[in-house]
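Shown next, in C-alpha cells, is the structure this report addresses.
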Amino acid sequence: MSELRIDDISKRFGNQNTMVLNSLSLHIPTGQTVALLGESGSGKTTLLRIIAGFTDPDSGRVRLDDQDFVNGRYSLVPEKRNIGFVFQDFALFPHLRAIENIGYGLPRSERKKMSKELLELVGMSMYADRYPHELSGGQQQRIAIARALAPRPKVLLMDEPFNSLDAGIKSQMLAFVKGILDQYGITTVIVSHDFQEAEVIADSCAILDAGKVIQYDRVEAIKHSPANSFVRRIVESDYREPPSVSGSR
C-alpha cells in the first residue's frame, strides 16, 4: 500500500503575509495518478517539494501509509521517504553516462543489474553509454524517469515533466509515461499547467488556487462539471481533444 495523505498543510515564504499553501488537504489512494493544476503561484510545486522533503511546511501533516513524513514535531529527511522525483529540467548529472545516471545512489551489488533492466524498460538500452548532452529531450526524460524508479519508490513525483518538450515529442512521451505508470501501479503526483495532459495521464485532478484545493475529482468529472468559473478556465484554456491512448484509466 502507498496511500498518501496531506492534512492541513500551510506554508509562507518571505513576507509573512504571503501564504503559498493555506490549510491544504489531499488524499491520494494507492496506485492512483493525480495531476495538480493551477495558475503560476497557486502552490503546486511547493506542495510537491513538501511531499518530497525538500521544503518543510509551517504546519500540517504528510503521511504515507502508517509513516509520518511531517507531523509538526519532526520532518523525515528526503532520502528516507522512499520517493522518486522527476524534475522539470530532468536534472541529470552531465558528467555521467545514461546507465550511470540511472544507477547513481543504488547499492553497488544491484546497480549494474537494475540499471540495465530500467534502460530496457524505457527503451534506451542502445544509449547506455551516452552522456545527457548527447540525448534528445525525450530521451533525457526517459533516463530521468528510469533514475526515479531505480530505488523502487513507493511514490513518484513529477514536476511539469513535459513542459520542455515540443508538441510531437510531448504526445509520444505522454503515452509512454502513462504506460510506465500503468505497469508499475505506483502512486504518482504530477504538477502540470495543462488539462489536456491530465486527461491523458491522470486518474484524478486537484485544481489549486491561492494555496487551496478548489476541486478534487476524477478527470472526467472535472471536465464535465467544473466547480466554478475558475476551474472552467483551467479546463478550457487552449483546450484540444487529448491524443488517444489505449488502455486509458
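We did not get these values from a lab; they are worked out from the coordinates using the rules stated. A quick note: this is a predicted structure, and the numbers were derived from the prediction, not measured. All Cβ positions, even for glycine, are placed from backbone atoms using ideal geometry, and neighbour counts span all protein chains on display.
Roughly speaking, what is the centre-to-centre gap between region 91-140 and region 14-79 when only Cα atoms are used, to the nearest Å?
Taking the Cα centre of region 14-79 as reference, the centre of region 91-140 is 29 Å away.
Taking every pair of distinct Cα atoms and averaging 1/r, then inverting, what Kirkwood hydrodynamic radius in Å comes out for region 6-87? Provide the component values of the computation, followed by the final result.
Numbers: mean 1/r = 0.0753 Å⁻¹.
Roughly 13.3 Å, rounded to one decimal.
With a ≥ b ≥ c the root eigenvalues of the C-alpha gyration tensor of the chain, is it rounded (a/c under 1.5), prolate (a/b larger than b/c) or oblate? It would help to have the intermediate numbers written out before the result.
Working: a/c = 1.81, a/b = 1.26, b/c = 1.44.
Cα axes put the chain in the oblate bin.
Just subtract the alpha-carbon distance of residue 56 and residue 184 from 0.36 nm times their residue separation and send over the number in nm, one decimal. All intermediate terms of the calculation are to be shown ahead of the outcome.
Values: separation 128, 0.36 × 128 = 46.08 nm, distance 2.85 nm.
Using 0.36 nm per residue and subtracting the Cα-Cα distance, I get 43.2 nm.
Could you tell me whether region 101-196 comes out rounded, prolate or oblate from its Cα gyration tensor? Rule is a ≥ b ≥ c as square roots of the eigenvalues, rounded for a/c under 1.5, then prolate if a/b exceeds b/c, otherwise oblate.
Working: a/c = 2.01, a/b = 1.32, b/c = 1.52.
Oblate is the answer for region 101-196, as a/c is 1.5 or above yet b/c matches or exceeds a/b.
As a footprinting exposure proxy, order 25, 171, 40, 2 by other Cβ within 10 Å, with the fewest listed first. Mind showing how you got there, number by number?
On the way: 25 14, 171 17, 40 7, 2 20.
The order, fewest Cβ neighbours first, is 40, 25, 171, 2.
Rounded to whole Å and sorted largest first, what semi-axes of the equivalent ellipsoid does the C-alpha gyration tensor of region 95-152 yield via the square root of 5 times each eigenvalue?
On the way: eigenvalues 57, 24, 19 Å².
Equivalent ellipsoid of region 95-152: 17, 11, 10 Å, largest first.
Rounded to the nearest 5, what % of DSSP beta bridges with both residues in the chain are antiparallel? If you can, show how the numbers build up before the last one.
Values: 21 of 38 bridges.
So the antiparallel bridges in the chain amount to around 55 percent.
When 166, 194 are ordered from fewest to most other Cβ atoms inside 10 Å of their Cβ, what list results? If you can, show how the numbers build up before the last one.
Details: 166 9, 194 21.
Going from least to most buried by this count: 166, 194.
In bins 10 Å wide, starting from 0, what share of all Cα pairs of region 140-205 does each bin hold, as a percent?
Spelled out bin by bin, region 140-205 gives 19, 62, 19, 0 percent.
So how do 233, 63, 49, 147 line up by other beta-carbon neighbours within 10 Å, fewest first?
Working: 233 12, 63 16, 49 19, 147 28.
Arranged by neighbour count, lowest to highest, 233, 63, 49, 147 become 233, 63, 49, 147.
Considering Cα pairs under 8 angstrom that are at least six residues apart, work out the relative contact order of the chain and quote it in whole percent.
Working: 476 pairs, mean separation 62.9, N = 249.
Taking the mean separation of contacting Cα pairs over the length of the chain, I get 25 percent.
Can you give the extra length, in nm with one decimal, that the chain gains between residue 77 and residue 27 once fully stretched, where that is 0.36 nm per residue apart less the Cα-Cα distance? Before the final figure, lay out each step's value.
On the way: separation 50, 0.36 × 50 = 18.00 nm, distance 2.16 nm.
Gain on extension, residue 77 to residue 27, equals 15.8 nm.
Report the extension gain between residue 112 and residue 91 in nm, rounded to one decimal, defined as 0.36 nm multiplied by the number of residues separating them, less their alpha carbon distance. Kindly include the intermediate steps, with their values, before the conclusion.
Numbers: separation 21, 0.36 × 21 = 7.56 nm, distance 2.10 nm.
Computed gain between residue 112 and residue 91 is 5.5 nm.
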